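Each remark here refers to the structure printed beneath this line.
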Amino acid sequence: MRSCLTVLCALLIASNALGQPLEMPTEVSGPPAMLDAPQPLTLEEAESIAIASHPAIAEQQAMIRAARGECLQVGLAPNPTAGYTASEVGNEGNAGQQGLYVGQQFIRGNKLQLNRQVASQQVHVLEQQLTAEMLRVRTRVRIALYKVLLTQRQVDLTTGLVDVSKQAAKTVSDLFDAKEARRLDVLQAQIESDRILVKLRQAEANRDAAWRELAVAMGQPTTARRDVQADLESLGWAYDWDTSRQMLLEGSPELAALMMDVERARAAVARACAEPISDVSAQVSVQYDDSTEDTVTGIQVGMPIPIWNRNQGGIAKARNELTAAQRRLEAYELQLTSQLAEKLRQYSAAKAQADAYRGGILQRAEENLSLTRESYQAGESNYLELLTVQRTYFESNLDYLGSLGEVNRSVQLLNGFLLGEPTE
């Protein structure tokens, strides 16, 4: 009992030296201002960096340019042909008939325009996928940035506890040197100080890992760590189920891409149905007949006769691909609805937990810590009780930060039309 009293007295002295009971910081505290100190990273800046430098966005943009080139190419008419022709060469010692010819294939059935319709729909699909990729990148950046902010707060909270525990350990050590405390008291205070110091190292490691996740999300994995600045407590989702579902189905770029894919498949059916319409090949030649010294002209026109091959298989394939695209669209609508229900459930649970901590648990934990310190100072409670209350206060604040993290994750995914779920 005497050892507990000694350690707690030291803890109280250290706590009083540092001020009132620990409070969770409401803002990220950084190092003293310096002329060359980097400014805190804002959400807008992080998003701008990601959009400008993320390779996934650049890849999608390149695919769109390639698709536009394909759209141009498939609508171009075949080039004409030209060449030299000769016949009856050497007949009766004459040079025979020699001359030039030109030819052209004429595409019928509006096939070239239909080709471009199919290709242009593919461009629209890729454009929607680009929008989806940009949303995906933005959502991941937002989730990662708020995660960095939360880990910064964990570091600040743990740092405050480390300062108190170190001062307590020093006070007990001084009492031991003055023969007013036992070695057991010194060890107990040092153990508590070391334990909290380990938690600080873990919090710092989590902060550094969160920054690396943010740097990767921005497409700048080698960027030096900076503090971040954002408003975390104001995050929320104010829409009910029906409104949320309507917003999701109307605004999802992935769903829009599938709609464009249905139109592409429909255009492909029209193109397949036009395939049996035969193209016409024409050729005109002009030759000089050496034996008669006459100039002769030849004309040749031909086209395939679609008797056995009328593109039956191609038409069946295109129609079934259209059906598959329509069913894929319907299936994705159901998938989005299911995901929305789960995200709203996660948001509601996390928001309720965060509100409970913010609305009373944290205040009661702080009040309990203050009263327990006063009780111990009056000799009405022991060191173990004080230590338990202090740990409860610390863990309550960590749980609150964890619930804010879940709120952030859910809100950002809802705002991003459920795109950008970080890989676990």
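The values are calculated or read from the model by the stated rules, or taken from the named source; none is laboratory data. Model, not experiment: these values are computed from the prediction. So basically every Cβ, Gly included, is an ideal-geometry build from the backbone, and we count neighbours across all protein chains shown.
Within the stretch 319-346, residues that are in contact (Cβ under 8 Å) with a residue 24 or more places away in the chain and farther than 18 Å from GLY251 by Cα sit with their Cβ atoms under 8 Å from residues that are surrounded by 13 or more Cβ atoms within 10 Å (Cβ to Cβ) and of a type in the set (D, E, K, R), at 6+ positions apart or across chains, in these pairs: LEU322/ARG266; ALA325/ASP261; ALA325/ARG264; GLN346/GLU406; GLN346/ARG409.
Residue under question is LEU145, and the condition is that it be buried (at least 18 other Cβ atoms within 10 Å of the Cβ), farther than 30 Å from THR223 by Cβ and among the aliphatic types (A, V, I, L, M); does it hold?
Details: buried (at least 18 other Cβ atoms within 10 Å of the Cβ): yes; farther than 30 Å from THR223 by Cβ: no; among the aliphatic types (A, V, I, L, M): yes.
Here the answer is no, as LEU145 does not meet what is asked.
Consider GLN220 carefully, then state whether it is surrounded by 11 or more Cβ atoms within 10 Å (Cβ to Cβ), closer than 15 Å to THR42 by Cα, in contact (Cβ under 8 Å) with a residue 12 or more places away in the chain and of a type outside the set (D, E, K, R). Here the answer is no, as GLN220 does not meet what is asked. Looking for something among the aromatic types (Phe, Trp, Tyr) and either closer than 20 Å to PRO40 by Cβ or part of a loop (DSSP other than H, G, I, E, B) (or both) - is there at least one such residue anywhere in the stretch 240-258? No.
Yes or no, residue by residue, for (1) polar (S, T, N, Q); (2) surrounded by fewer than 21 Cβ atoms within 10 Å (Cβ to Cβ); (3) in a loop (DSSP other than H, G, I, E, B):
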residue: GLN113; (1), (2), (3): yes, yes, no
residue: SER165; (1), (2), (3): yes, no, no
residue: GLN190; (1), (2), (3): yes, yes, no
residue: ARG201; (1), (2), (3): no, yes, no
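Evaluating MET34 against the criteria (1) farther than 30 Å from SER193 by Cα; (2) part of a helix (DSSP H, G or I); (3) modelled with pLDDT under 95 leaves one unmet condition, (2).
One line per residue, one yes/no per condition, for (1) assigned to a helix (DSSP H, G or I); (2) of a type in the set (D, E, K, R); (3) in contact with a Phe, Trp or Tyr (Cβ under 8 Å, 6 or more places away or on another chain); (4) modelled with pLDDT of 95 or more:
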| position | (1), (2), (3), (4) |
| --- | --- |
| PRO306 | no, no, no, no |
| ALA316 | yes, no, no, yes |
| ARG358 | yes, yes, yes, no |
| GLN363 | yes, no, no, no |
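One residue stands out in the stretch 203-232 among those that are in a loop (DSSP other than H, G, I, E, B) and acidic (Asp, Glu): the one that is nearest to THR139 (Cα to Cα), namely ASP231. The listed residues are ILE299, ILE315, and the only one of them that is of a type in the set (Val, Ile, Thr) and crowded, with 16+ Cβ neighbours inside 10 Å turns out to be ILE315. Of all residues in the stretch 73-94, those being among the aliphatic types (A, V, I, L, M) and either in contact with a Lys or Arg (Cβ under 8 Å, 6 or more places away or on another chain) or under 30 Å from TYR288 (Cα atoms) (or both) number 4.
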